[in-house]
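Enquirer: Have a look at this one before I ask anything.
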Amino acid sequence: MKLTERGRDYVFGVLLLETVGLAVGASLFAALALALAFAALISMVLLKLRASRSLDVSTLENRIRLFKHQEGRLALKLQGRRDRWTSLRVESVAFDGAVETSVLADGENYAVIVKPMKAGRFTGFRVHVGLGDVIGLFFLGRQVVLDQVVVDSLPISLLSRPGTERSLPVVIGESPAGYPGKGQEFYGIENYTEHSESKDILWKRAANSPHRPLLARVREANSPESVSIMVAHGEIGEESRVDCIDTQCEALGSLGRTLLANRLEAVIIGPDGVIRPARTEGDLADVIMETSGVGVVALRGEIRTEGFGILVVVGDFPGNAMAYLSRRPVVFVGNKRRHLQDRYSVDFTGVEDLSRIVGLVLAG
């Protein structure tokens, strides 16, 4: 229990009255000082009695989803200790991680403004409340942790325009100019879309029917229906963990959106080994947040890449583990000791274009 600023002035006033009363022999001053001290004692006892009652702090919603650097609002509910003998107020709030917070008070209603500065899933919501006595002399602080409150901060890469990467075409029959490849053949016709190539337009049919929609050749492009993205964690220092997870989310967002733009399913395998498929942008956002909330799972031994389309390596790895990544599509995040330089890898800091990595997978 602490004295408020008013409480300190109150104690100083009581001591001053008592000193004056004793100095000049005025019993009235001494009695007044005693009465004020007794009133403060009564107020303190009432505060301690009320402090033993339960305090219920909650939010109207337990999950809020924002893009990085976007502001959102959480409404707080306080129940339990507010009556005519005590006062209750929110002093401060905070999350574990890179989330800026502030409190807005409107009478007895409180709102928390949250602004995540990094991408990822943030928990550990702490609310510091203050319980005061009826005359405002004493202050009793309490901290309530609401573990069920979660802030999902989505990466900016989910907002960027995705690139499209297609493997080189070859068709049989009514074939345009193409390139040799395996397992590719013409098998139908569909309406022309923004993802089709202009050389695939059936120009003779378009000339004969100028008012009808453009038609394009449909080809089997020897690309998979889904591409796996494996996330592997190496050595990540606690001071760089938030930055690494932020960049990991940006990389998954960029890779996932490019795959979805190519009408492929993105299958993300987190460092915990859980397989999480994403067929839509909503699925992709959910999967990125679930993967970011796994925490750092340090990989022991070699990195096995068999069966994975793209590998996202987060943190530092020993040299013997890195040797297995040659000629594999790899995105490196926060690796300070990397010496592998080839066209199959990208040192990703959050701004590099990763569509080339997807293109390497689609090209086989």
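Enquirer: Of all the residues that make up the stretch 115-160, how many are small (Gly, Ala, Ser) and either assigned to a strand (DSSP E or B) or free of Cβ contacts under 8 Å to residues at least 12 places away in the same chain (or both)?
Expert: 5
Enquirer: Which residue is modelled with the highest pLDDT, if the candidates are limited to the stretch 14-65 and must be surrounded by 17 or more Cβ atoms within 10 Å (Cβ to Cβ) and under 30 Å from Asp283 (Cβ atoms)?
Expert: That would be Ile64.
Enquirer: Quick check, is Ser292 hydroxyl-bearing (Ser, Thr, Tyr) and at pLDDT below 90?
Expert: So Ser292 passes the test.
Enquirer: Name every residue in the stretch 217-235 that is at pLDDT below 70 and either of a type outside the set (A, V, I, L, M, F, W, C) or part of a strand (DSSP E or B) (or both), in order of residue number.
Expert: Arg217, Val218, Arg219, Glu220, Asn222, Ser223, Pro224
Enquirer: While we're on this one: So, in the stretch 88-125, of the ones that are modelled with pLDDT of 90 or more and among the basic types (Lys, Arg), which residue ends up surrounded by the fewest Cβ atoms within 10 Å (Cβ to Cβ)?
Expert: Lys115
Enquirer: Can you tell which of Val297, Val358, Val331 is modelled with pLDDT of 85 or more and assigned by TED's automatic domain parsing to the domain that holds Ala232?
Expert: From the options Val297, Val358, Val331, the qualifying one is Val331.
Enquirer: May I pose another question? Six or more apart or on different chains, Cβ under 9 Å: which pairs go from a residue in the stretch 334-347 that's assigned by TED's automatic domain parsing to the domain that holds Glu250 and at pLDDT 70 or above to one that's basic (Lys, Arg) and surrounded by 14 or more Cβ atoms within 10 Å (Cβ to Cβ)? Could you list them?
Expert: Listed pairs, sorted by first residue: Arg343/Arg356; Tyr344/Arg328; Ser345/Arg328; Ser345/Arg338; Val346/Arg356; Asp347/Arg338.
Enquirer: From (1) at pLDDT 85 or above; (2) polar (S, T, N, Q); (3) farther than 25 Å from Val361 by Cα, pick out the condition that doesn't hold for Asn208.
Expert: If we test Asn208 against (1) at pLDDT 85 or above; (2) polar (S, T, N, Q); (3) farther than 25 Å from Val361 by Cα, just (1) comes out false.
Let's see how each residue does on (1) in contact with a His (Cβ under 6 Å, 6 or more places away or on another chain); (2) under 16 Å from Glu91 (Cα atoms); (3) not small (Gly, Ala, Ser):
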{"site": "Ala111", "(1), (2), (3)": "no, yes, no"}
{"site": "Val114", "(1), (2), (3)": "no, yes, yes"}
{"site": "Gly124", "(1), (2), (3)": "no, no, no"}
{"site": "Gly141", "(1), (2), (3)": "no, yes, no"}
{"site": "Val144", "(1), (2), (3)": "no, yes, yes"}
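The values are calculated or read from the model by the stated rules, or taken from the named source; none is laboratory data. Not measured: the values here are computed from a predicted model. Here Cβ is always computed from backbone atoms with ideal geometry, including for glycine, and neighbour counts include all displayed protein chains.
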